[in-house]
Amino acid sequence: MQLIACRFHRTTVTNLQISHLIHGHNLKQNSISTLWSAIELLIISLDPTQGLISILIASFAKFLSSAGESANSREHEREADATGIKLMAMACYDTKKGVEVFRRMMEGNGSQIVDIFSTHPPTQERFIFLQKKSATENAAKYPNSCQFVKQAAKQTFLKSFFDLSA
């Protein structure tokens, strides 16, 4: 993909994904999904008619769960953005160059309107946030962490995607 051809862009995307692992977002999202599914089943099982009322209630519950999960996902993305740029800085990458991936995405996406089912914040919002953070989150702030963080990030990434023993 041409969008992430640059090493800094790949590093940005990788660090954002590692941030999701650090914060346990997948586990949290799965737990929320399971809870909503249990609520839907409970509602359906309580309907004595087992007909149209169940279908309407289950549809409404699914609508609410989707909206809630999407809002939660947007918060997870914001949290991962903040942690990801910090990881980049701690690994001594140029955070200003890394943020350019969001500028390029923004140019490709045009203007975005957030709806209740959006799982990510608008690209422009993310770009502005990361651009501001890149002014303070940079390698100079973490002079002694470069090699350690690069190695830890690499091990975390490889373990999460290639460890078949888990």
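The values are calculated or read from the model by the stated rules, or taken from the named source; none is laboratory data. The structure displayed is predicted, hence computed values, not measured ones. Counting neighbours? That spans all protein chains shown, and the Cβs are built from the backbone with ideal geometry, glycine included.
For the stretch 70-79, state whether one or more residues are modelled with pLDDT under 85, among the polar types (S, T, N, Q) and touching a Phe, Trp or Tyr at 6+ places or on another chain (Cβ under 9 Å).
Let us first name the residues in the stretch 70-79 that are modelled with pLDDT under 85, namely 70-72.
If we keep only those that are among the polar types (S, T, N, Q) too, we end up with 70, 72.
When the remaining residues are screened for being touching a Phe, Trp or Tyr at 6+ places or on another chain (Cβ under 9 Å), the result is 70.
Yes, some residue in the stretch 70-79 is modelled with pLDDT under 85, among the polar types (S, T, N, Q) and touching a Phe, Trp or Tyr at 6+ places or on another chain (Cβ under 9 Å).
In contact with a helix residue (DSSP H, G or I) (Cβ under 8 Å, 6 or more places away or on another chain) and at pLDDT below 80: does that describe GLN124?
Against the criterion (in contact with a helix residue (DSSP H, G or I) (Cβ under 8 Å, 6 or more places away or on another chain) and at pLDDT below 80), GLN124 does not qualify.
For the stretch 75-111, how many residues are more than 27 Å from GLN155 (Cβ to Cβ), in contact with a Ser or Thr (Cβ under 9 Å, 6 or more places away or on another chain) and surrounded by 16 or more Cβ atoms within 10 Å (Cβ to Cβ)?
Here the count works out to 2.
For the stretch 33-74, enumerate the residues that are of a type in the set (Gly, Ala, Ser) and either surrounded by 14 or more Cβ atoms within 10 Å (Cβ to Cβ) or closer than 26 Å to PRO122 by Cα (or both).
Once the filter is applied, which keeps residues that are of a type in the set (Gly, Ala, Ser) and either surrounded by 14 or more Cβ atoms within 10 Å (Cβ to Cβ) or closer than 26 Å to PRO122 by Cα (or both), the stretch 33-74 yields SER33, SER54, ALA58, ALA61, SER65, SER66, ALA67, GLY68, SER70, ALA71, SER73.
Could you check the stretch 1-49 and list, in sequence order, the residues that are small (Gly, Ala, Ser), outside any helix (DSSP H, G or I) and modelled with pLDDT of 70 or more? Don't jump to the end; show me each part of the working.
Step one: of the stretch 1-49, the residues small (Gly, Ala, Ser) are 5, 19, 24, 31, 33, 37-38, 45.
In the following step, the residues that additionally are outside any helix (DSSP H, G or I) were identified as 5, 24.
Correct list: GLY24 only.
Return the pair list, or none, for Cβ contacts closer than 9 Å from residues in the stretch 129-141 that are touching a residue at least 60 places away in the same chain (Cβ under 8 Å) and in a helix (DSSP H, G or I) to residues that are among the polar types (S, T, N, Q) and surrounded by 18 or more Cβ atoms within 10 Å (Cβ to Cβ), at least 6 apart or on different chains.
As it stands, the answer is none, since no pair meets every condition given.
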